[in-house]
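**Student:** What follows is a single structure, and I will ask about it in a moment.
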Amino acid sequence: MRKRISWAILAILIASLASRLEAQTFELRGFLREWLKAFTLSPNGYDLLESRLKLELLSTMGKKTAFRSLLYYSYDGVVKKGAWDFKEAYLDYYSDIVDIRFGKQIIAWGKADEMNPTDILNPQNLTNITEDKIIRKIGLLALKTDWKLYDFVLTLIWKPEFEYMRLPEYGSRWAFFSLPGLDELPSPSLPENKLKNTEWAFKLSRTVSLFDFSASYFDGWDSIFTPEFVFEPPLGKLVLKRLLFHRTKMLAFDFAGSVSSVGIWGEGAYFRTEDNEGRNPFIKNPYFQYVLGADYTFGANIKANIQFFQEIITKIDDDFEEAAEKKIISKLGLGIPLEQALTCRIEKKFGPSEAHRVEIFGIYDLKHQGILFQPKLSFSPEDSISFEIGLILFDGKKEFILGRFKKNDEIYLKCTYSF
Amino acid sequence: MKKIIILFLIISGILLALGTNRGTAQEKLTADQIMHRVDSRPIPKDLTAEMAMNLIDRKGQVRQRTVKTLRMGDDKQIMWFLLPADVKGSSFLRISYEDREDDMWLYLPAFGKVRRIASHTKKGNFMGTDFTFEDLGDRKLGDYAYRLVKEEKVGEKSCWVVESTPNKGVSTDYSRIVSWIWKDEYIPLREEFYDGSAALRKVMTMELTQLKKYWVPKRVLMEDLKAAHKTAMIFDKIDVDTGLSEKIFDTSSLTRIY
């Protein structure tokens, strides 16, 4: 019901604006991308041969109104299966006091590079974690308003629609976890379709001297389910009953600026879960995640950044509980189970018009000595054509996430034509 | 006789008054005075334009960018990239201040986020052009020491040649900048940029056009002599003093659709 009302409002808005016949521009653009991936340790020739078409429609109606829609079609040549992915369709209204965006959209929060504890407004499709983050994100119906109040910008967001994280298929190559004796997961129980179950958030931003600051608050659902177990006496063990979602509140803060020649940034988010007393072993205790980073440009225009990430779970009573908490994947924030990590990115652009790029990105799991190493080379001989070749390498102990994916080391090639 | 003398004095006075503001050859201005007049010359309250940026490499291959730009005085500028397809949606905002370095932000659709451009990044090239982020910013009058080198013509226009050397503590990639300032309008028509080793690194030349009571850029060419690469900015659909709102020069505008 909520969804139908929202779509009806959007349709009425579009119709009323279109009827004024002030459409000045229509533009269709996108890309066609071929992505070939081969697992280095796999007996198969290649693991993924994906063709992806991106179609983006843009229209401005006068100076104050615009419309945008974005969808993808991807075809996997290995499993011979295609799928549409309708990402965004929204209407914008611009004024001196407020900018309004209503419709299916992706909202990006946070200042850090790739690891953003505060970027929780859109769940992600994690069935392929090597996909670009902007494509992994799932578009959601939302009303977003940016109010310009003197030197501040106040962003208010209302999300009537709920979506959850898409995890890799249980037991598959990219699965995050496994439960002994369990072959597949049941479908999760979604929150009831009621107004009180909608989500909302706000963010207050300001620039002071050479720094951007913002403080934000979110009241919504943890987009990763929590398994609920019951004890079955006949079996004498715990049995998975269902998958549930729980409410979580987030209080967050971020900043970005520079000191002398060094850029610095930080993001921190406190998540207050439903188990704020730390009593329910199946719901994650309240936890805190933060990232601190810095970047610098060396000679020959080589840019490097380094980040430190940490998660702190509160209200832990003993070692047993600590071990159990870490196994609960239900978590906003980063989403993937890391407790303490370092990331590093080194990049250099080169060639005419700096059209080519070489880059190395890495994550080091400080707690469990796991590593993700990702070098790549991008080459663009012409505007609109680009090639990217790279490696994605994992290493670490099998019990932890980066080591678990060791068998997924891969080499890939992407060819993209933009139009 | 008396009437002739009075008439002569009146006419001389009028001619003298007209000549003062133009800084004619008869008036000797110091380098500081010249640059002060460059900094305080009348400029449009606001300006809108579409700009084609042609990036030309050593083989003559051209990559083109099309940009919509809005300016408020010299202090605020916002740009949205319209073409080609792979940069469309990218945008840039600059806000300049009297007493500190400029704030700059860049929005790249591939990341979906607005990024502040840190000080060290300002020395990097803007979107693959020969203009650095620093070049797009506003040079502060008090950051440089000035020296009048000579007088010379650029085409038919008489110019002062002024050398600007950054003061100690000023963060810049250039050891000095030499500017050819058009005497009639106090606008730089040509600038030479010297790098840290005092070698000539880049040359900028500007062609102007008159719009209402202002002289505005029509074409700006920046040549990077070391990289053998050029960027030509060609301005089109220029309009001035249209009553732009100051509120559009905000980071929230970077994600607007144009």
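The values are calculated or read from the model by the stated rules, or taken from the named source; none is laboratory data. Note that the structure is predicted; figures quoted are calculated from it, not measured. Don't worry about glycine lacking a Cβ; one is built from the backbone with ideal geometry, like all the others, and counts go over all protein chains shown. Accessible surface areas use protein heavy atoms only, side chains included; no ligands, DNA or RNA. Shrake-Rupley method; radii C 1.70, N 1.55, O 1.52, S 1.80 Å.
**Student:** Expressed as a rounded percentage, what relative contact order does chain A have, with Cα pairs under 8 Å and six or more residues apart?
**Tutor:** 12
**Student:** Percent of Cα-Cα pairs per 5 Å bin, from 0 to the last occupied bin, for the range B:65-163, please list those.
**Tutor:** 2, 11, 17, 20, 16, 12, 10, 7, 3, 1
**Student:** Label points 7 Å out from Cα along the Cβ direction at A:Thr127 and B:Asp239: separation in nm?
**Tutor:** In this crude spin-label approximation the distance works out to 4.8 nm.
**Student:** If r is the Cβ-Cβ distance from A:Val208 to B:Asp39 and R0 is 30 Å, what FRET efficiency results, to the nearest 0.05? Walk me through the intermediate numbers first.
**Tutor:** Numbers: r = 27 Å, r/R0 = 0.89.
The computed FRET efficiency comes out at 0.65.
**Student:** Another question about this same structure. If you split all Cα-Cα distances of the range A:317-419 into 5 Å bins from zero, what percentages do you get per bin, shortest first?
**Tutor:** 3, 11, 16, 17, 15, 11, 10, 8, 4, 2, 2, 1
**Student:** Something else: With contacts defined as alpha carbon pairs under 8 Å and 6 or more residues apart, what's the relative contact order of chain B in percent?
**Tutor:** Values: 507 pairs, mean separation 51.2, N = 258.
Computed over chain B, the figure is 20 percent.
**Student:** When the C-alpha atoms of the range A:250-385 are aligned to their principal axes, what extent does each axis show, in angstrom, from largest down?
**Tutor:** So the three principal-axis extents are 61, 30, 28 Å.
**Student:** Looking only at Cα atoms, what is the convex hull volume of chain A per residue, in Å³?
**Tutor:** Values: hull volume 75.5 nm³, N = 419.
With only Cα atoms used, chain A gives 180 Å³ per residue.
**Student:** Rounded, prolate or oblate: which one fits the range A:191-303, using the alpha carbon gyration tensor with axes a ≥ b ≥ c (rounded when a/c is under 1.5, else prolate when a/b beats b/c, else oblate)?
**Tutor:** Details: a/c = 3.57, a/b = 2.18, b/c = 1.64.
Prolate.
**Student:** Would you please give the FRET efficiency between A:Leu235 and A:Tyr417, computed as 1/(1 + (r/R0)^6) with r the Cβ-Cβ distance and R0 = 56 Å, to the nearest 0.05?
**Tutor:** Numbers: r = 56 Å, r/R0 = 1.01.
It comes out at approximately 0.50.
**Student:** While we're here: Just subtract the alpha-carbon distance of A:Ser260 and A:Ser187 from 0.36 nm times their residue separation and send over the number in nm, one decimal. All intermediate terms of the calculation are to be shown ahead of the outcome.
**Tutor:** Details: separation 73, 0.36 × 73 = 26.28 nm, distance 5.25 nm.
Residue separation times 0.36 nm, minus the Cα-Cα distance, leaves 21.0 nm.
**Student:** Next question. Going by a ≥ b ≥ c, the root eigenvalues of the Cα gyration tensor, does the range B:29-253 fall in the rounded group (a/c under 1.5), the prolate group (a/b larger than b/c) or the oblate group?
**Tutor:** Details: a/c = 1.40, a/b = 1.29, b/c = 1.08.
It is rounded, given that a/c, with a ≥ b ≥ c, falls under 1.5.
**Student:** Testing the spin-label approximation: label points 7 Å from Cα along Cα→Cβ at A:Ile360 and B:Ser197. State their distance in nm.
**Tutor:** 2.6
**Student:** Does anything in the range B:61-99 have its amide N under 19 Å from the 7 Å Cα→Cβ label point of A:Asp96, and if so which residues?
**Tutor:** Output list for this probe position: B:70-78.
**Student:** With a 1.4 Å probe, how much accessible area is buried between chains B and A, both sides summed, in Å² to the nearest hundred?
**Tutor:** Working: alone 14650 and 21830 Å², together 33000 Å².
Rounded to the nearest hundred, the buried surface is 3500 Å².
**Student:** How high is the relative contact order of the range A:330-419? Use alpha-carbon pairs under 8 Å, at least six apart in sequence, and give a whole percent. Intermediate values should be presented prior to the final figure.
**Tutor:** Numbers: 188 pairs, mean separation 18.8, N = 90.
Contact order relative to length: 21 percent.
**Student:** Okay, moving on. Set the Förster distance to 35 Å, then compute FRET efficiency between A:Asn197 and A:Ala300 from the Cβ-Cβ distance, nearest 0.05.
**Tutor:** On the way: r = 54 Å, r/R0 = 1.54.
So, using R0 = 35 Å, E works out to roughly 0.05.
**Student:** Only helical DSSP H runs with n ≥ 4 go in: add -39500 (n - 2.57) per run for chain A, normalise by residue count and round the 222 nm mean residue ellipticity to 500 deg cm²/dmol. Walk me through the numbers before you get to the answer.
**Tutor:** Working: 4 runs with 34 residues, N = 419.
Theoretical 222 nm ellipticity from helices: -2000 deg cm²/dmol.
**Student:** In nm, to one decimal, how far is the modelled label at A:Leu57 from the one at A:Phe320, with both set 7 Å along Cα→Cβ?
**Tutor:** 5.9
**Student:** Express in nm, to one decimal, how much length is gained between B:Thr30 and B:Asp57 on full extension, taking 0.36 nm for each residue of separation and deducting their alpha carbon distance. Can you show the working numbers first?
**Tutor:** Working: separation 27, 0.36 × 27 = 9.72 nm, distance 3.93 nm.
Gain on stretching B:Thr30 to B:Asp57: 5.8 nm.
**Student:** Please give the residues from the range A:390-419 for which the solvent-accessible area of heavy atoms, probe 1.4 Å, is smaller by at least 10 Å² with all protein chains in place than with the chain isolated.
**Tutor:** With the partner chains in place, the range A:390-419 has these residues losing at least 10 Å²: A:Ser418, A:Phe419.
**Student:** Let me ask something additional. Carbon and sulfur atoms: what percent of the 1.4 Å accessible area of the protein assembly as shown do they account for? Kindly include the intermediate steps, with their values, before the conclusion.
**Tutor:** On the way: 19500 of 33000 Å².
Carbon-and-sulfur percentage of accessible area, whole number: 59.
**Student:** When chain A is treated as a GNM, springs tying every alpha-carbon pair under 10 Å, which of A:Lys54, A:Lys111, A:Lys64 comes out with the largest mean-square fluctuation?
**Tutor:** A:Lys64
**Student:** In terms of solvent-accessible area of protein heavy atoms at a 1.4 angstrom probe, what is the ranking of A:Phe31, B:Phe249, highest value first? Before the final figure, lay out each step's value.
**Tutor:** On the way: A:Phe31 30, B:Phe249 10 Å².
So the residues, ranked largest to smallest area, are A:Phe31, B:Phe249.
**Student:** Just to be sure I understand the interface: list residues from the range B:217-258 that lose 20 Å² or more of accessible area between the chain on its own and the complete protein assembly, 1.4 Å probe.
**Tutor:** B:His229, B:Ser245, B:Lys247, B:Asp250, B:Ser252, B:Thr255, B:Arg256, B:Ile257, B:Tyr258
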